[in-house]
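Only the coordinates and a few stated rules stand behind these numbers; no lab work does. Nothing here was measured: the structure is a model prediction, and the numbers come from that model. Every residue, glycine among them, receives a Cβ derived from its backbone with ideal geometry; neighbour counts consider all protein chains shown.
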Amino acid sequence: MLKNFLILTLKSIRCRSTRSWLTILGIVIGVMLVVIILTLSSGIKNTIAGALQTFGSDLIIIFPGKENNPIVGFLAGQKFKERDLVDLEKINGVKSAVPMGIGNLNIEYNGEVKSIMIHAANWKKYVEVLESSQGIKLENGRWPENDDVSEVVFGHLAAKTLFKKEVGVGDEVIIKSKRFKVVGNLTEIGEQMIDNVIFVSLDMLGSLTDSRGASSALVKIMPGANINLVAQQIKFQLSKQEVIRDFSILTPDKADRLIDNIISIVELVLMIIALVSLVVGAVGIMNTMYTSVLERTKQIGVMKAIGASDDAILSLFLIESGFIGLVGGILGIFFGILSAYIISLAAAGFGIRGLFSFASLDFFGLFVVLFFTFIIGVVSGVLPARQASRMEPAEALRYE
Amino acid sequence: MQSKDTQLKIDPVCGMDLSEYVDVAEIHHQEKKFYFCGNGCEDRFKKDPDKFQGEPLIKLDNVWKIFKLGDTETKVLRGLNLHIWEGDFVVIIGSSGSGKSTALNMIGFLDRPTSGQIFLNGEDVSSLNDDKRAELRSKTFGFVFQQYNLISWLTAYENVYLPLVFSGKKIKADKLETHFEEMGMRERMTHHPFELSGGEQQRTALLRALVNDPEIILGDEPTGNLDSANGNKILEILIDLNKNRKKTLVIVTHDDGIAEKADQIITFKDGHLVRDHQAHKKAYTE
């Protein structure tokens, strides 16, 4: 019985294939979004967690602006006095405080001009923090000798991919019509914020941008010191400085939570979009089913005349709409995974690795999605199917 | 509708209500009074009075069908009384709009009466639920329509198989193929309706009507869309089913040629049966 009904349904879908496929497409898009979000979100979280790890677990980051929107502080260009930051070293448990600058400038090499992010710090302390806490190492060359020389160190990707010609140790680049000598480049970390930037001294950045001060700071704490306690002391001491009123002190723990929150919000928004598009897809199924009930009114009459019960007609239409939902789900999952894979490949091209792997696919989640689309199909088909099944055969037969 | 005090004069054979006629033929049989429409029913009664005093296979009792479209009411059947006897070949004639197709739909459970009762083998079936009606349709009736009404996206074979899907009955594939063979359509089994001629489509529809081995075959102008050669072929098959396989056959038609071969001719006008000497004279004098 069921088998016969399935065959019947398939045949009837095949005779209206264009419309059926378009309806399926409506579901595919929604499911695709859901699947992309499902498969990439864990990858994104892992990647960001990895990024935080490279910051080191014994580092505290200080930046202007409120914790929940650090971007605003940076954009406003608020800067600490270097002195205030260096004074943090007096706090018990602080090993070193490295005032840092950050900027985005055009850089010329071999006739090409590109914009790049610049990290700046006092070399001596910065190198120590980089090497010991963040595991960043030179691949070639050396660190600049002091803060006054016009020397620059390239991150791995910045050296390799920024310009057509790879930047090597000993080459010269021009930043703001000032010549800089490339004295070293770094090994690959797998982290945009390190790999795709160049490093100069804080003094150099100051003179390049005509603004003194530090836009953030890295504080390395003593081994065994209580990081939260130190963070509180830093907060207390910094609140006495007068340049910046709102500043944030980010411990690795806090950063974790913060980023988790941001990702959750992004995920939520995307999920809502995906669900809305699924609802639209469901309405599409309903629309198609209503049209097909209308279109097949006479056929329904014929089927009833040759002995089809109300339930049989109901089943035929429900199987059809459920099938449309299910096929939409299967294709959506397939294209979702494919898109996630392509996105991760593209991201890898930009140095962001490990967004997606087949091994980490959540099969249970995918099964739930599939089941859900089937249910969506069936539910959207209920009203039209009921309308179809309740028709009086003579009435349906009169319909042309 | 009829008031209860009027004594009903129902023709026991065709079921026609004769209450409004004055010159009604009446005979006494076993001390009972019977009224006849004068359309040949009297002769049939005399041949087998016992049979016609029993329960007809199908009985429509004061059936009304009123279609409402907005504010307009169309009374298609107006107090229809009709008997159909087992094994009969009944032809229903009448002008368009006289309600003959609607009556056929009532007989075959394709439609519900607005009021009145329908009996099948003496059992009141007018208030059955949809499921029961579907089951009876599937078991008892085979329909043949003027428009063939095959499902366009199924092949001829699948169309014939379809009633079995709904009835759950099983028939061996080679038996079904033999049926096609008998209709001269073995080569056409896998064709879709649009690849078949009108005659072939109607033969397929006939096979479909017969596949559940129904007791009663209902035809709504089954030859109406066919040329005379194809029409006659279908008619021959139908009559053969009636004569040799004892199927009750009820056909609505405009075709006088069909009427001539019937056991019983029923003439519709304005939603009920009327006396029609002309049609009968023509049919029975040949």
(request) For residue B:269, list the lysines whose Cα falls under 24 Å from its own Cα; do not include residues on the same chain fewer than 8 positions away. (result) B:4, B:9, B:59, B:65, B:68, B:75, B:100, B:261, B:281, B:282
(message) Using only the alpha-carbon atoms, how far is helix A:2-14 inclined from the longest principal axis of chain A? Give it as 0 to 90 degrees, nearest 10.
(response) 70
(request) Determine the gain in length on full extension of the stretch residue A:3-residue A:276; use 0.36 nm per residue of separation and subtract their C-alpha separation, reporting nm with one decimal. (result) 94.9 nm
(message) Give me the one-decimal nm value for the distance between modelled label points at residue A:226 and residue A:386, 7 Å along each residue's Cα-to-Cβ direction.
(response) 6.4
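So what is the relative contact order for chain B, in percent, with contacts set as C-alpha pairs under 8 Å and at least six apart?
Working: 524 pairs, mean separation 67.8, N = 286.
Averaging sequence separation for qualifying contacts and normalising by length gives 24 percent for chain B.
Compute the relative contact order of region B:84-203 as a whole-number percentage, counting only Cα pairs closer than 8 Å that sit 6 or more residues apart in sequence. Don't skip to the end; give the middle numbers.
On the way: 69 pairs, mean separation 23.2, N = 120.
Taking the mean separation of contacting Cα pairs over the length of region B:84-203, I get 19 percent.
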(request) Taking a cut-off of 29 Å between Cα atoms, list the lysines near residue B:170, but don't count ones fewer than 8 places away on the same chain. (result) A:3, A:11, A:298, A:304, B:132, B:139, B:233, B:243, B:246, B:247
(message) Taking the number of other C-beta atoms within 10 Å as the exposure measure, put A:279, B:22 in order starting with the fewest.
(response) B:22, A:279
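To the nearest 0.05, how large is the calculated FRET efficiency for residue B:246 and residue B:131 if R₀ is 25 Å and r is the Cβ-Cβ distance?
After rounding to 0.05, the efficiency reads 0.30.
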(message) Please compute the length gained on full extension between residue B:121 and residue B:256, using 0.36 nm multiplied by the number of residues separating them and subtracting their Cα-Cα distance.
(response) 45.6 nm
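Once the cut-off is 16 Å, how many percent of the Cα-Cα pairs in region A:336-400 end up in the long-distance tail?
Working: 1408 of 2080 pairs.
For region A:336-400, the fraction of Cα-Cα distances above 16 Å is 68 percent.
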(request) Measure nothing but the geometry: give the 0 to 90° angle between the long axis through the Cα atoms of A:363-389 and the longest principal axis through the Cα atoms of chain A, rounded to 10°. (result) 30
(message) Counting just the Cα atoms, what span does chain A cover along each of its three principal axes? Round to the nearest Å and put the largest first.
(response) 96, 48, 35
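Hey, fewest Cβ within 10 Å first, where do A:373, A:251, B:204 land in order?
Numbers: A:373 30, A:251 20, B:204 25.
The fewest-first ordering by Cβ neighbours comes to A:251, B:204, A:373.
Calculate, in nm to one decimal, what residue A:261 and residue A:179 gain on full extension: separation in residues at 0.36 nm each, minus their alpha carbon distance.
Values: separation 82, 0.36 × 82 = 29.52 nm, distance 4.26 nm.
That works out to 25.3 nm of additional length.
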(message) What is the angle, in °, between the Cα long axis of helix A:123-133 and the longest principal axis of the Cα atoms in chain A? Nearest 10 is fine, range 0 to 90.
(response) 50
(request) Please give, to one decimal in nm, the separation of the simple spin-label points placed at residue A:143 and residue A:161, each 7 Å out from Cα toward the Cβ. (result) 2.7
(message) Based on C-alpha coordinates, I'd like the Rg and Dmax of the protein assembly as shown, in Å.
(response) 44.0, 137
(request) Please work out, to two decimal places, the log10 of the ratio I(q)/I(0) at q = 0.09, 0.13, 0.16, 0.17 Å⁻¹ from a Debye calculation in which every Cα of chain B carries one identical scatterer. (result) -0.45, -0.91, -1.30, -1.43
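What FRET efficiency comes out for the pair residue A:131/residue A:22, r = Cβ-Cβ distance, R0 = 60 Å, nearest 0.05? Walk me through the intermediate numbers first.
Working: r = 59 Å, r/R0 = 0.98.
My answer for the efficiency is 0.55.
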(request) Compute the distance in nm between two label points, each set 7 Å from the Cα along the Cα-to-Cβ direction, one at residue A:298 and one at residue A:399. (result) 1.2
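Quick one: A:258, A:130, A:314, A:40, fewest Cβ neighbours within 10 Å first, how do they rank?
On the way: A:258 16, A:130 25, A:314 19, A:40 22.
By the 10 Å Cβ count, ascending, the order reads A:258, A:314, A:40, A:130.
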(request) Mind giving me the FRET efficiency for residue A:57 and residue A:335? R0 is 51 Å, r the Cβ-Cβ distance, nearest 0.05 is fine. (result) 0.80
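In region A:113-202, what trypsin sites (Lys or Arg not before Pro) fall in a loop by DSSP, with at most 15 other Cβ atoms inside 10 Å? Mind dumping the intermediate values first?
Numbers: sites: A:114, A:124, A:125, A:137, A:142, A:160, A:164, A:165, A:176, A:178, A:179, A:181; in loops: A:137, A:142, A:164, A:165, A:176.
Listed in order of number, the matching sites are A:137, A:142, A:164, A:165, A:176.
Using a 10 Å cut-off on Cβ to Cβ distances, tally the other chain neighbours for every residue of B:27-37 and report the average as a whole number. Intermediate results must be reported in sequence, preceding the final value.
Details: counts 0, 0, 0, 0, 0, 0, 0, 0, 0, 0, 0.
Mean shielding count: 0.
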